[in-house]
Structures are given as C-alpha cells and as structure tokens.
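Data first, discussion second: the structure below is written as structure tokens.
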Amino acid sequence: VQLQACGGGLVQAGGSLRLSCAVSRSIFSINIIGWYRQAPGKEREMVGMVSSDGITKYADSVKGRFTISRDSTENTVNLQMNTLKPDDTAVYYCYAEQSDGIYWGQGTLVTVSS
C-alpha cells in the first residue's frame with residue numbers, strides 16, 4: 001500500500017485546513033486508515049482513524065473539531081480540521097493498517113499561528 005499525503009500549510013488559530021491522503025488501492029479494502037501527528041519534541045499520536053466498516057475514532061483533543069472521511073471516487077482518506085489551535089501544529093502522517101503490516105505516507109506539516 002502506498003500513501004501520498006497533501007494539504008498541510010500555515011493557518012491562523014481558529015481557521016481550517018483539509019488534509020488528503022491518496023491511497024494506491026481501493027480505500028474500502030483497507031482495514032484501518034487514518035492520521036497520526038507528531039509535534040516537535042513530542043511522541044507521535046493518533047489523531048483519527050476509520051475502519052473498513054466505517055467506525056471512526058478520534059483523539060480526545062480533536063473531537064468535535066476534526067472529521068475523517070473516505071472518498072471512494074478519489075480513493076483518498078481526508079481529514080477536515082476546523083477551529084485549529086496552535087497545539088495542533090505538527091507533522092501529520094496518514095497510515096494504513098493491513099493484515100501484513102502498517103504503511104505510512106510521508107508527513108505534511110501543519111502550522112497554526114496564534
């Protein structure tokens with residue numbers, strides 16, 4: 001599985017960004033797909049994920065602000081991020097979990113200015 005993320009950038013606090021991750025195979029064939037992030041000096045943390053049967057899970061810190069979705073037409077997994085905070089500044093990575101392992105895309109930087 002190959003993953004290609006895009007959509008990061010610089011945004012002011014309170015603003016929105018949409019990250020997108022293109023997947024090399026059918027999005028609905030992926031067991032679990034989602035996003036992690038890693039802020040400077042911190043460990044990588046799960047942001048949001050969606051299972052093949054559509055169950056979603058979010059980190060408490062982003063609940064109500066971030067929404068993960070799958071697009072079967074574009075074969076992408078997307079992360080809509082609203083009401084962004086400076087604490088959301090991080091490199092965001094999309095990932096896919098299959099029976100044969102976990103696959104990672106390259107990171108995309110999100111910077112939220114105060």
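The values are calculated or read from the model by the stated rules, or taken from the named source; none is laboratory data. Note that the structure is predicted; figures quoted are calculated from it, not measured. A quick note on method: Cβ atoms are made from the backbone with ideal geometry, for glycine too, and the neighbour counts reach across all protein chains shown. Just the protein is used for accessible areas: all its heavy atoms, side chains included, with ligands, DNA and RNA removed. Shrake-Rupley method; radii C 1.70, N 1.55, O 1.52, S 1.80 Å.
Odds and ends about this structure:
- Pairs where the first residue, in region 9-25, is under 12 Å from Cys94 (Cβ atoms) and part of a strand (DSSP E or B) and the second is hydrophobic (A, V, I, L, M, F, W, C) and open to solvent by 30 Å² or more (accessible area, probe 1.4 Å), C-beta under 8 Å, 6+ apart: Leu19/Cys6; Ser20/Cys6; Cys21/Cys6; Ala22/Cys6; Val23/Val1
- Test: residue in region 5-25 that is open to solvent by less than 80 Å² (accessible area, probe 1.4 Å), among the hydrophobic types (A, V, I, L, M, F, W, C) and at pLDDT below 95: yes
- Residue, farthest from Ser69 (Cα to Cα), within region 26-41, restricted to residues that are at pLDDT below 95 and open to solvent by 20 Å² or more (accessible area, probe 1.4 Å): Gly41
- Cross-chain or 6+ apart pairs with Cβ under 6 Å, region 92-114 first and within 13 Å of Gln2 (Cβ to Cβ) and part of a loop (DSSP other than H, G, I, E, B), then open to solvent by 50 Å² or more (accessible area, probe 1.4 Å) and polar (S, T, N, Q): Gly105/Gln4
- Scope region 62-90; condition without any contact (Cβ under 8 Å) to a residue 60 or more places away in the chain, surrounded by 14 or more Cβ atoms within 10 Å (Cβ to Cβ), within 19 Å of Gln12 (Cα to Cα) and of a type outside the set (S, T, N, Q); matching residues: Val62, Arg65, Phe66, Asp88, Ala90
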